[in-house]
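Contents: one structure, followed by commentary.
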Amino acid sequence: MSDLKERLNLMLMGGMVTPTIALGKKLGLFEDLGAVASEASPADARTVADKAGCKERYVREWLAVLSCAGFIEVTPDEKFWLTDEAKHEFSGMNNLSVAYMTFLPAVVKTFNELADAFKKEVRYGLEYAQFSDFYSVMDNVTQTMHDAHLIPDYLPQIGMLDKLEAGVKVLDVGCGSGYHALKMASAFPKCEVHAADISEEAIGMANESLRKQG
Ligand SMILES: C[S@@+](CC[C@H](N)C(=O)[O-])C[C@H]1O[C@@H](n2cnc3c(N)ncnc32)[C@H](O)[C@@H]1O
């Protein structure tokens, strides 16, 4: 196979496996598989499905795809388990690539509208709210990328630590879920932090987080 054909083939397979991983993240299937199965005691599809509260028929397909892709271990009698490494990388938001895979369904939902938006006669583009779950998925990715680094690593790099500690006005434009604004407000109590977003859904999420965090 030529190099281009080989790359296209790999891209196609990755493109098919990626939403399967996103599906597992949405349904919590990796965590459920990890809870009921181990190398010493692998689980069949029914056991995993029962744990997940899902249909056995669908969970079996999901397990089969990710076994063929090499992310889930499978025994000759079709029982499944996760290695410790896979358990860690697929659980919660431990792995940034997995976190980004959860973006795919949000983006694909607008496929036809996006194609229309390319056309010269269509005046407007897409709104964030048209992507399903955009703000919660964005929030997951943001937290995966920034939680450990925003305060100790990123902000010192822009040379504003002294000012932030002394207290300045901060404006987060395009705040999404409000994650950064709230994190900064709590790390730098002398600052006056404002946050703005074009989307009502985002502002709703940010207000909800503000309420929860007090
Ligand atoms: C890529 S998201 C980033 C969200 C958040 N800052 C984060 O890192 O998780 C971009 C954000 O900008 C907002 N946005 C886009 N255009 C805007 C505008 N003209 N005014 C204010 N917010 C805007 C979107 O609604 C969205 O929340």
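Quick notes
- Residue, most open to solvent (accessible area, probe 1.4 Å), within the range 27-40, restricted to residues that are free of Cβ contacts under 8 Å to residues at least 40 places away in the same chain and closer than 18 Å to Asp84 by Cβ: Ala40
- Only one entry of Gly176, Gly204 meets the criterion of being within 12 Å of the ligand (Cβ to nearest atom) and touching a Phe, Trp or Tyr at 6+ places or on another chain (Cβ under 7 Å), and that entry is Gly176.
- Residue ID - nearest to Val107 (Cα to Cα), chosen from residues in the range 123-174 that are touching a strand residue (DSSP E or B) at 6+ places or on another chain (Cβ under 9 Å) and open to solvent by 40 Å² or more (accessible area, probe 1.4 Å): Gly174
- Phe71 meets the conditions (1) open to solvent by 50 Å² or more (accessible area, probe 1.4 Å); (2) in the same structural domain as Ser209 (by TED's automatic domain parsing) in every case but one. The failed one is (2).
- Looking only at the range 130-175, residues that are over 17 Å from Ser97 (Cα atoms) and under 17 Å from the mean Cα position of the chain (by Cα) come to 4 in all.
- Residues being open to solvent by 40 Å² or more (accessible area, probe 1.4 Å), near the ligand (Cβ under 8 Å from one of its atoms) and under 21 Å from the mean Cα position of the chain (by Cα) - total across the range 179-196: 1
- Test: residue in the range 79-96 that is hydroxyl-bearing (Ser, Thr, Tyr) and free of Cβ contacts under 8 Å to residues at least 40 places away in the same chain: no
- Asn112 being within 26 Å of Glu31 (Cα to Cα) and at pLDDT below 95: no
- Screening Met101 against (1) more than 18 Å from Leu27 (Cβ to Cβ); (2) in contact with a Pro (Cβ under 8 Å, 6 or more places away or on another chain); (3) at pLDDT below 95 leaves a single unmet condition, (1).
The values are calculated or read from the model by the stated rules, or taken from the named source; none is laboratory data. Quantities reported herein were computed from a predicted structural model and do not represent experimental measurements. Heads up, the Cβs are rebuilt from the backbone with ideal geometry, glycines too, and the neighbour counts pull from every protein chain shown. These accessible areas exclude ligands, DNA and RNA; they are computed on the full protein's heavy atoms, side chains included. Shrake-Rupley method; radii C 1.70, N 1.55, O 1.52, S 1.80 Å.
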